[in-house]
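Chemist: Below is one structure. I have some questions about it.
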Amino acid sequence: NKQVILKDYVSGIPKETDFEIKTGEARLKVEEGSGGVIVKNLYLSVDPYMRLRMRKPQPNPSYFSPFPPGSVMMGNGVGRVVDSGHPNYKKGDLVRGITGWEEYSVITAPESLHKIQTTDIPPSFYLGILGTPGLTAYVGLHEICSPKEGEYVFISAASGAVGHIIGQLAKLKGCYVVGSAGSDEKVDLLKSKCGFDEAFNYNKEQDLDAALKRYFPQGIDIYFENVGGKMLDAVLLNMRLHGRIAVCGMISQYNMDKPEGVKNLMLLVYKRLRMEGFMVSAYYDLYPKFLDEAISYIREGKIVYVEDTVEGLESCPGALAGLFEGRNVGKQVVRVGQD
Ligand code: NDP
């Protein structure tokens, strides 16, 4: 059983040398009476929040508990049950849930797993559009921002796992949608494949405020915040009266020991804005409704899903670092096993 081990707490952008690959004997049979399940991992998800779990324990309460140094990296995965001591699962079931960055995972509390029932949709989609990123886009847009037809929506990190789904959901609501991304290739993808009205490469803009004024001469009603920092300050200058900001994440801050300050927060008052942070985990009860809708959108071709797949367990550390360098286009997954 090959496993990716986090050696120690990390500072700065995660590097391949922060991890080591260990090889040991795989357990393929559950321990008698344990009630556990053994899963062969097929696809593993690589997500920005993992970086927040690689920090030293923080003095202030943090949502994310740190990964213990020397432990196997944990995250969302899709896999096949190879042995089960639990009545709800049998050998051959396809499941999604929290597994390890390893070829085979022993799941001691299988209640946390979910069976995948659909057969016409690639299993890896359950890590992206039909998984946490898709639900994040759905609740962030609908529950936090309540978009109305004709409203002006701006999304940062727009070509990423969450971003490219939000834009398409907002288009289905009849909004005008603009996204920012870190390369011309991503800008082109957003406009030509994902149906965004406009998109721009923030790395090419000297002045983010001027760029936003160019795309939103009338201002922004809804901002879906994925990056924080300078972008948030520029957006605040361009929000319309009574605008809404869904704070999903601030990836530009995750590798900093001390996050940057935000200068223009007073504009929340003058413009009577609502800025609301959310955690997708508080909305899991909406998952069945979301799943029905999202599966229909995929089958009807109303949403295009962009996935970036790299091969092999050894690719996990590099793929994680890539999120902070903008190397991924769409949802980053790693294929670790053949079905
Ligand atoms: P993505 O697939 O969007 O990957 C991350 C992307 O962020 C990169 O591709 C890169 O794109 C961009 N990025 C990286 N560093 C910077 C930087 N310094 N400045 C600007 N952009 C940067 O990841 P996800 O879609 O999975 O996550 C997007 C956001 O949503 C993150 O902030 C994440 O933490 C958050 N999130 C929050 C959840 C919640 O429950 N609140 C749940 C899931 C995700 P580019 O080339 O455009 O720079």
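Only the coordinates and a few stated rules stand behind these numbers; no lab work does. In this text the structure is predicted, and so the values were computed from the model without any measurement. Cβ placement follows ideal geometry from the backbone for every residue including glycine, while neighbour counts extend to all protein chains displayed.
Chemist: Pairing the Cα long axis of helix 287-299 with the longest principal axis of the chain, what angle in degrees results, from 0 to 90 and rounded to the nearest 10?
Modeler: Helix 287-299 and the main axis of the chain meet at about 80 degrees.
Chemist: While we're here: Once you charge only the Cβ atoms, +1 for Lys and Arg and -1 for Asp and Glu, what is the size of the charge dipole of the chain about its Cα centre, to the nearest 20 debye?
Modeler: 500 debye
Chemist: Of the listed pairs LYS90/LYS289; LYS40/LYS289; LYS186/LYS302; LYS148/LYS271; LYS115/LYS331; LYS193/LYS230, which have alpha-carbon separations greater than 23 Å here?
Modeler: Pairs exceeding the cut-off: LYS90/LYS289; LYS40/LYS289; LYS193/LYS230.
Chemist: Using the Cα centre as the reference, give the magnitude of the dipole from point charges on the C-beta atoms of region 147-188 (Lys, Arg: +1; Asp, Glu: -1; all else neutral), rounded to the nearest 20 debye.
Modeler: My answer is approximately 200 debye.
Chemist: May I pose another question? What shape does region 258-339 have by the C-alpha gyration tensor, where a ≥ b ≥ c are the square roots of the eigenvalues, rounded means a/c under 1.5, and otherwise prolate means a/b greater than b/c and oblate the rest?
Modeler: Judged from the Cα gyration tensor, region 258-339 comes out oblate (a/c at least 1.5, b/c at or above a/b).
Chemist: Please give the direction-averaged projected area of the C-alpha convex hull for region 94-213, in square nanometres with one decimal.
Modeler: Projected area, direction-averaged: 10.0 nm².
Chemist: Going by C-beta contacts inside 10 Å, put ASP47, ASP8, ASP93 in order with the fewest on the left.
Modeler: Fewest-to-most ranking of ASP47, ASP8, ASP93: ASP8, ASP93, ASP47.
Chemist: Tell me what the chain gives for mean residue ellipticity at 222 nm when only DSSP H runs of n ≥ 4 count, each as -39,500 (n - 2.57), the sum divided by the residue total, rounded to 500 deg cm²/dmol.
Modeler: Value at 222 nm, helices only, nearest 500: -6000 deg cm²/dmol.
Chemist: Per residue, how big is the convex hull of region 18-91 when only Cα atoms are used? Give it in Å³.
Modeler: Output value, Cα hull per residue: 143 Å³.
Chemist: Taking a ≥ b ≥ c as the square roots of the eigenvalues of the Cα gyration tensor of region 74-150, is the shape rounded (a/c under 1.5), prolate (a/b larger than b/c) or oblate?
Modeler: Prolate, since a/c reaches 1.5 and a/b exceeds b/c.
Chemist: Let me ask you something else. Taking other Cβ within 10 Å of each residue's Cβ, how do GLU143, GLU102, GLU185, GLU307 sort, fewest first?
Modeler: Arranged by neighbour count, lowest to highest, GLU143, GLU102, GLU185, GLU307 become GLU185, GLU143, GLU307, GLU102.
Chemist: Putting +1 on Lys and Arg Cβ atoms and -1 on Asp and Glu Cβ atoms, find which of GLY219, ILE13, ALA170 reaches farthest to the positive end of the dipole of the chain.
Modeler: Comparing the listed Cα positions along the dipole, GLY219 ranks first.
Chemist: Right, another one. Largest first and in whole Å, what are the equivalent-ellipsoid semi-axes of the chain based on the Cα gyration tensor, each being the root of 5 times an eigenvalue?
Modeler: They are 36, 23, 18 Å, listed largest first.
Chemist: Further, regarding this structure: Which one of PRO317, PRO123, PHE67 has its Cα pushed farthest toward the positive end of the charge dipole of the chain, where Lys and Arg give +1 and Asp and Glu give -1 at the Cβ?
Modeler: Positive-end residue among those listed: PHE67.
Chemist: Over region 193-339, what portion of Cα pair distances is larger than 19 Å, expressed as a whole percent?
Modeler: When every Cα pair of region 193-339 is considered, 67 percent fall beyond 19 Å.
Chemist: Would you report the distance distribution of C-alpha pairs in region 132-281 as whole percents per 10 angstrom bin, up to the bin with the largest distance?
Modeler: 12, 46, 37, 5, 0
Chemist: Here's another thing I want to ask about it. Could you give the length gained on full extension between HIS114 and LYS258, defined as 0.36 nm per residue of separation minus the Cα-Cα distance, in nm?
Modeler: So the extension gain works out to 48.1 nm.
Chemist: Still on this structure: Taking neighbour counts of Cβ atoms within 10 Å as a proxy for exposure, in what order, fewest first, do MET239, MET231, MET74 appear?
Modeler: MET74, MET231, MET239
Chemist: Can you classify region 1-135 as rounded, prolate or oblate using the Cα gyration tensor, where a ≥ b ≥ c are the square roots of its eigenvalues, rounded means a/c under 1.5, and otherwise it's prolate if a/b beats b/c and oblate if not?
Modeler: Verdict is prolate for region 1-135.
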